[in-house]
Amino acid sequence: MQFPKDVPVTLADVADLGRLVPHDAPHQGLVIEVEPLEDAWLDGLLSGAGEQAVLLVLDQVTDPHNVGAILRSAAAFGAVGIVTQDRHSPPESGALAKAASGALERVPWARVVNLARALEEIGDAGFWRIGLTGDADTDLKEALGPKRVALVLGAEGPGLRQNTREHCDALARLPISDAIESLNVSNAAAVALYAASSHG
């Protein structure tokens, strides 16, 4: 393996590498010290969005594997970014990065203090806010309207909190069969992203 000449390299065995990283970090025989990713800010996401844009808002989705998979789908379908509440979202861990498969570095992730206030800002920026919930009467394809869409997804089990639902312009469900009660949140995000990105 070739390294740039200005990068110091230290050879170590597997046990040494394991002590350098969190227990869930998949080092696969290589550890590199890097600077943290740049912070993304909500106003930057909103001002940088084009006339047709899809944004993801996650309401207390805390599982790093789910958030990583959602980031991966967000990159695949060209979402402008994801928004989470800072104290109810996972850290940028090795498990999350592995699930994201490179998308952590590509999709802006804005962490906000107050999700309801963020949803107000998102609405003011011209995004049609659709909360995804299994008890909605409307299918997602019927709820899609304006070309700027914010898809709002809740945590596994509890789903969207009431205050979050109240800050959405519409509530919609994915039209799945009765054979299964619901989809995993990361699968639901992928299906919704496809529908929203192909709309209009």
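Structure values in brief
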quantity: Qualifying position, being aliphatic (A, V, I, L, M), more than 18 Å from ILE82 (Cα to Cα) and surrounded by 15 or more Cβ atoms within 10 Å (Cβ to Cβ), among ALA118, ALA143, ALA155; calculated: ALA143
quantity: Close pairs (8 angstrom Cβ cut-off, 6 or more residues apart or separate chains): farther than 12 Å from LEU153 by Cβ and at pLDDT below 85 in region 179-190, surrounded by fewer than 19 Cβ atoms within 10 Å (Cβ to Cβ) and not hydrophobic (A, V, I, L, M, F, W, C) anywhere; calculated: GLU181/GLY134
quantity: Condition check for ALA95: surrounded by fewer than 21 Cβ atoms within 10 Å (Cβ to Cβ) and farther than 21 Å from THR133 by Cα; calculated: yes
quantity: Test: residue in region 114-136 that is over 22 Å from THR62 (Cα atoms) and free of Cβ contacts under 8 Å to residues at least 12 places away in the same chain; calculated: yes
quantity: Residue list for region 137-165, restricted to those being without any contact (Cβ under 8 Å) to a residue 24 or more places away in the chain and not in a loop (DSSP other than H, G, I, E, B); calculated: GLN162
quantity: Residue within region 181-197 that is under 17 Å from ALA79 (Cβ atoms) and in a strand (DSSP E or B) present; calculated: no
quantity: Within region 53-78, considering residues that are polar (S, T, N, Q) and in a loop (DSSP other than H, G, I, E, B), the one modelled with the lowest pLDDT; calculated: THR62
quantity: Filter result (touching a Lys or Arg at 6+ places or on another chain (Cβ under 9 Å) and more than 24 Å from THR164 (Cβ to Cβ)) within region 79-102; calculated: SER101, GLY102
quantity: Selection within region 173-200 - within 16 Å of GLN52 (Cβ to Cβ) and hydroxyl-bearing (Ser, Thr, Tyr); calculated: TYR194, SER197, SER198
quantity: Only one of GLY81, GLY131 that is in contact with a Cys (Cβ under 7 Å, 6 or more places away or on another chain), at pLDDT 90 or above and either crowded, with 20+ Cβ neighbours inside 10 Å or under 15 Å from VAL185 (Cα atoms) (or both); calculated: GLY131
quantity: Contacts under 6 angstrom Cβ, first residue in region 49-70 being polar (S, T, N, Q), partner surrounded by fewer than 20 Cβ atoms within 10 Å (Cβ to Cβ), 6 or more apart; calculated: GLN52/LYS147; GLN60/HIS88; GLN60/ALA155; THR62/PRO90
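The values are calculated or read from the model by the stated rules, or taken from the named source; none is laboratory data. Since we're looking at a predicted model, the values are computed, not measured. Virtual Cβ from ideal backbone geometry, glycine too; neighbours counted across all protein chains shown.
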